[in-house]
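Have a look at the structure below before the remarks.
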Amino acid sequence: MSSPCDPQHAPAGDVSTALMLIDSRLKAILDGKTETDPEEKAMVGQFTASLGPRGAKDVLDGACTLIYMFMQWLRMAYEEHDKDVIACVVPDLVATMRMMPRSVRPEVIPTMAGLLVAAGTGLSPSLWREQYGFWTKDEMNPLEATTLLLAEHINRLTDDPDFATRLITNALYGQDED
């Protein structure tokens, strides 16, 4: 029996925009910028405001698609070494989020962990989350942080600072993976 959270029922969303935002943050962090530049923050704010409600939801769904794709890649990578993706990824990311109290409020960490578990078990993170109502404003930064941390985890595993972005770009445009 198919789950109502099966990825085949989920909208992919605006994966390109979600990836662009995550890649931009990854590059800023690699350049040693731990705080968002006020000018960049204003530009991102203007951009997201220009999307409107439907466009913002599409970017949200795109971020969930990234989480799903990252977790599926990690699942395959860890299974090659007889390891479980949930056991290897979720505790590390939860511990990291707990060290980010300004960006990730403690009460939303269980939701982010749930998104990771849903994706790691082959469910759509966006459909899993929708079971519990609308997204809240307090979940937006943690969603970005979760996606960013997954990408960074993949980049660290592969020892390639652009691997996660290239992985998604190749999947979107039908190119061979590394």
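If you roll a 1.4 Å probe over the chain with all protein chains in place, what percent of the accessible area is carbon or sulfur? Could you put the intermediate results ahead of the total?
Working: 5640 of 10000 Å².
Its accessible area is 56 percent carbon and sulfur atoms.
Work out from phi, with θ = phi - 60° and the Karplus expression 6.51 cos²θ - 1.76 cosθ + 1.60, the ³J(HN,Hα) of each residue of the range 73-89, listed in order in whole Hz, and give x for Gly and Pro.
Result, rounded to whole Hz: 5, 5, 4, 5, 5, 6, 5, 4, 10, 6, 10, 9, 4, 5, 5, 8, 9.
Which net charge results when you count Lys and Arg as +1 and Asp and Glu as -1 among the other residues whose beta-carbon is under 15 Å from that of Val117?
Working: positive: Arg75, Arg129; negative: Asp84, Asp92.
The answer is 0.
Across 10 Å bins from 0, what is the distribution of all Cα-Cα pair distances for the range 104-166, in whole percents?
21, 47, 28, 4
Search the structure for amide H atoms under 5 Å from the amide H of Arg105, placed 1.01 Å from N in the peptide plane, and list their residues when 5 or more places away or on another chain.
none
For the chain, report the convex hull volume of the alpha-carbon atoms normalised per residue, in Å³, without decimals. Walk me through the intermediate numbers first.
Working: hull volume 23.0 nm³, N = 178.
Taking the convex hull of the Cα positions in the chain, it is 129 Å³ per residue.
Whole-Hz Karplus ³J(HN,Hα) for the range 125-131, in order, using 6.51 cos²θ - 1.76 cosθ + 1.60 and θ = phi - 60°, x for Gly and Pro?
x, 5, 5, 4, 5, 4, 4
Excluding ligands, DNA and RNA, what is the solvent-accessible area per residue of the chain at a probe of 1.4 Å, expressed in Å²? Before the final figure, lay out each step's value.
Values: 10000 Å² over 178 residues.
Heavy-atom accessible area per residue stands at 56 Å².
With the contact rule set at Cα under 8 Å and sequence spacing of 6 or more, what percent relative contact order holds for the range 15-162?
On the way: 121 pairs, mean separation 43.7, N = 148.
After rounding, I find 30 percent.
Using a 7 Å offset from the Cα along the Cα-to-Cβ direction at both Ser50 and Asp138, what is the distance between the two label points in nm, to one decimal?
Those two pseudo-labels are separated by 3.2 nm.
Based on the Cβ-Cβ distance of Ala87 and Glu39, what FRET efficiency does E = 1/(1 + (r/R0)^6) give at R0 = 45 Å, to the nearest 0.05?
About 0.65, to the nearest 0.05.
The values are calculated or read from the model by the stated rules, or taken from the named source; none is laboratory data. Not measured: the values here are computed from a predicted model. No Cβ is skipped: glycine too gets one built from the backbone with ideal geometry, and neighbour counts run over all protein chains shown. Protein only, heavy atoms only, side chains kept; ligands, DNA and RNA dropped before computing areas. Shrake-Rupley method; radii C 1.70, N 1.55, O 1.52, S 1.80 Å.
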